[in-house]
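Step one of this worksheet: look at the structure below.
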């Protein structure tokens with residue numbers, strides 16, 4: 001039996017933990033831009049865009065900008081990197097369309113089946129910085145069935161601010177200790193643990209490109225697994 | 001083909017529209033109180049409790065009390081009716097337990113299968129005055145699979161305030177016109193229509209006891225059906 005208190009609910013980080021944003025954004029960018037004759041290193045483009053992620057959210061977390069959903073943040077971040085790729089000529093419509101690449105990401109291979117197993121035993125919800133409409137799109141595309149969607153939209157702030165984890169537990173009328181945060185990112189798990197949640201690290205060694213992802217947590221966690229199938233096994237789901 | 005614009009999302013009222021609160025609360029009250037030797041007309045008890053519903057929510061809608069979720073409102077309302085049934089001696093624990101009766105309600109017979117059909121074609125979400133934890137409990141009990149849970153908790157206010165309908169459409173990044181409110185209550189549909197949503201009335205002639213429910217809408221609606229199976233048929237789901 002596990003050495004931590006078995007949770008009632010599992011909270012999932014989504015970008016990187018459940019879905020492969022790098023190859024998905026690279027594919028969508030190529031699909032939209034290559035017909036315009038644009039040739040890029042699509043993986044580098046995806047990485048550069050994601051590279052603005054923390055900057056964009058930090059403006060909200062620090063209170064310098066009001067809460068705006070991740071479509072708006074992604075769009076701001078896109079505007080910041082286009083010149084670097086010689087794409088400053090892209091028009092509004094193309095920028096809007098490109099921003100929806102983040103709605104069209106595929107799950108890592110084991111995720112959908114493992115989530116179905118986990119849902120049979122636990123309440124399951126995304127606690128992501130992605131907003132509700134984006135999470136609905138990803139869930140529909142990948143066949144996830146969530147109990148509800150929690151996270152940034154519900155809390156009107158971004159992880160790793162404590163309010164996001166605490167509001168998510170409160171929405172389900174659960175103590176933080178009854179909730180387990182599942183993520184491929186140590187900073188997310190450290191913040192969740194600080195709020196009293198239990199924590200599970202999932203290795204995604206290729207998240208940022210081959211060999212460039214967290215293969216193991218850099219902070220104490222309750223359990224570390226290679227993938228969600230292993231988590232379902234460990235939790236007896 | 002329908003004469004209204006076909007929606008992208010269906011928003012469902014829950015108490016009375018999807019679940020039979022009267023017989024469920026009556027059954028749960030009897031299960032909890034009869035072992036204490038209490039004998040009541042359980043249906044009348046359920047009706048009296050529900051009879052305080054609008055009063056309890058109006059205090060929030062009018063801004064006299066801050067937003068409190070429906071467990072808190074149900075509990076306040078219970079305290080108000082106990083003396084009428086000679087139950088003023090019930091202790092805290094019994095009152096808390098009784099309040100959870102509202103989490104243990106069964107769906108009307110056709111609902112679960114019809115929702116599965118509707119989900120294949122539309123985004124589906126409860127837009128109820130019940131909060132997230134309560135909706136999760138009802139969904140788990142009855143096998144509903146929602147895309148997400150919207151309504152009072154997300155809007156921090158109660159229907160029929162416009163904000164509840166508008167915030168629900170916004171959460172899915174949809175125009176109000178792309179959302180259809182489905183309810184057994186004309187007041188709910190009138191408010192939704194005022195916000196620009198399309199509307200479907202579902203007949204629940206026995207909601208408040210035999211023959212005491214809305215058999216037909218008293219306001220203009222886009223479609224009126226006898227049950228959710230008929231709605232699925234009409235929408236081609």
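Please treat every number below as a calculation from the coordinates, not as lab data. Just so you know, these numbers come straight off a predicted model, no measurement behind them. Here Cβ is always computed from backbone atoms with ideal geometry, including for glycine, and neighbour counts include all displayed protein chains.
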Exposure proxy check on A:22, A:84, A:117: fewest-to-most Cβ neighbours within 10 Å is A:84, A:117, A:22
Suppose the chain between residue B:120 and residue B:215 were pulled fully straight at 0.36 nm per residue; how much longer would it get relative to their current alpha carbon spacing? 31.4 nm
Per 0.36 nm of contour for each residue apart, how much would the distance between residue A:91 and residue A:34 grow if the chain were fully extended, relative to their Cα-Cα spacing? 19.0 nm
Put in order of increasing Cβ neighbours within 10 Å, starting from the fewest, A:100, A:82, B:98 give A:100, A:82, B:98
Rounded to the nearest 0.05, what FRET efficiency do residue A:226 and residue B:234 have when you use their Cβ-Cβ distance and R0 = 56 Å? 0.70
Residue among A:99, A:148, A:132 with the largest mean-square fluctuation in a Gaussian network model of chain A, springs linking Cα atoms under 10 Å: A:148
extent check for the stretch A:21-103: Cα max minus min per principal axis, descending, whole Å, gives 40, 24, 23
From the label point of residue A:23, set 7 Å from Cα along Cα→Cβ, how far away are the matching label points in the other copies, in nm, ordered shortest to longest? 5.1
Would you work out the relative contact order for chain B, in percent, from Cα pairs under 8 angstrom that are 6 or more residues apart? 25
Distance cut-off 18 Å, percentage of C-alpha pairs in the stretch A:168-228 lying past it: 35
Taking chain B as a Gaussian network, where each spring joins two C-alpha atoms under 10 Å apart, which residue of B:90, B:33, B:115 fluctuates the most? B:90
Packing-based exposure ordering (other Cβ within 10 Å, fewest first) of A:57, B:36: B:36, A:57
Does the stretch A:195-237 classify as rounded, prolate or oblate by the C-alpha gyration tensor (a ≥ b ≥ c root eigenvalues; a/c under 1.5 gives rounded; else a/b over b/c gives prolate, otherwise oblate)? oblate
Calculate the spin-label point distance for residue A:83 paired with residue A:6, positioning each point 7 Å from the Cα along the beta-carbon direction, and give it in nanometres. 5.7
Between the label point of residue B:194 and that of the same position in each other copy, find the distances and list them shortest first in nm, with every label point placed 7 Å from Cα along the Cα-to-C-beta direction. 4.4
Prolate/oblate/rounded call for the stretch B:106-237, Cα gyration tensor, a/c under 1.5 rounded: rounded
Of the peptides B:188-198, B:101-111, how do they stack up when ordered by the mean number of other Cβ atoms within 10 Å, highest first? B:188-198, B:101-111
Calculate how large, on average over all directions, the projected area of the Cα convex hull of chain A is; give the answer in nm² to one decimal. 12.2
Shortest-first distances to equivalent copies, position residue B:94, nm, label 7 Å out along Cβ: 7.3
Just tell me how shielded A:124-133 is by partners: mean number of partner chain Cβ atoms within 10 Å of each residue's Cβ, no decimals. 3
Where does the Debye-calculated log10 I(q)/I(0) of the protein assembly as shown sit at q = 0.06 Å⁻¹, using only Cα point scatterers of equal weight, no solvent? -0.29
What is the helix-to-structure angle for B:21-33, meaning the angle in degrees between its Cα long axis and the longest Cα principal axis of chain B, kept from 0 to 90 and rounded to the nearest 10? 20
The stretch B:93-140 versus the stretch B:55-91: alpha-carbon centroid distance in Å: 21
Using a Gaussian network model on chain B with a 10 Å cutoff between Cα atoms, which of B:130, B:213, B:86 fluctuates the most? B:86
Averaged over B:149-159, number of beta-carbon atoms from partner chains that fall within 10 Å: 2
